[in-house]
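The values are calculated or read from the model by the stated rules, or taken from the named source; none is laboratory data. Remember, predicted model here, so these are calculated numbers, not experimental data. Cβ coordinates were reconstructed from backbone atoms using ideal geometry, including for glycine residues, and neighbour counts include every protein chain displayed. Just so you know, the surface numbers come from the protein's heavy atoms only, side chains and all, with ligands and any DNA or RNA stripped out. Shrake-Rupley method; radii C 1.70, N 1.55, O 1.52, S 1.80 Å.
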Amino acid sequence: MADLHDRMPLILPAESYDDWLTAPASEASSLLLPYNAVVMRRCEVSSLVNSPKNDSPECIVPVVA
């Protein structure tokens, strides 16, 4: 991720969402595990993602170069 951004995102598997949102911080830290790089994919998306007021599926549609 370093070649894309200087901050590392937290990527959680769907089955960990509730735990992340409800666990005390001392327990939530156990969810900070490397995400499986084999299942990740990378693609350019629209600049719509740059504004929090844009909350729609269009934000993650890949840009075709």
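Take the solvent-accessible surface of the protein heavy atoms, probe 1.4 Å, and return the percent of it on the chain that carbon and sulfur atoms account for. Spell out each step's value before the answer.
Numbers: 3390 of 5890 Å².
With neighbouring chains kept in place, the figure for the chain is 58 percent.
Among the listed options (i) 1.42; (ii) 1.35; (iii) 1.11, the one matching Cα Rg over 2.2 N^0.38 Å as calculated from these coordinates is (ii).
Extending 7 Å from the Cα toward the beta-carbon at both E44 and E58 defines two label points whose distance is 1.9 nm. Return, ordered by residue number, the residues of segment 33-51 whose backbone nitrogen is under 13 Å from a label point located 7 Å along Cα→Cβ of R7. Once the point is set 7 Å along Cα→Cβ of R7, 50-51 turn out to lie under 13 Å by backbone N, inside segment 33-51.
I11 contributes about 60 Å² of solvent-accessible surface, heavy atoms of the protein only, 1.4 Å probe. Normalised per residue, the accessible area of the chain is 91 Å², obtained with a 1.4 Å probe and no contribution from ligands, DNA or RNA.
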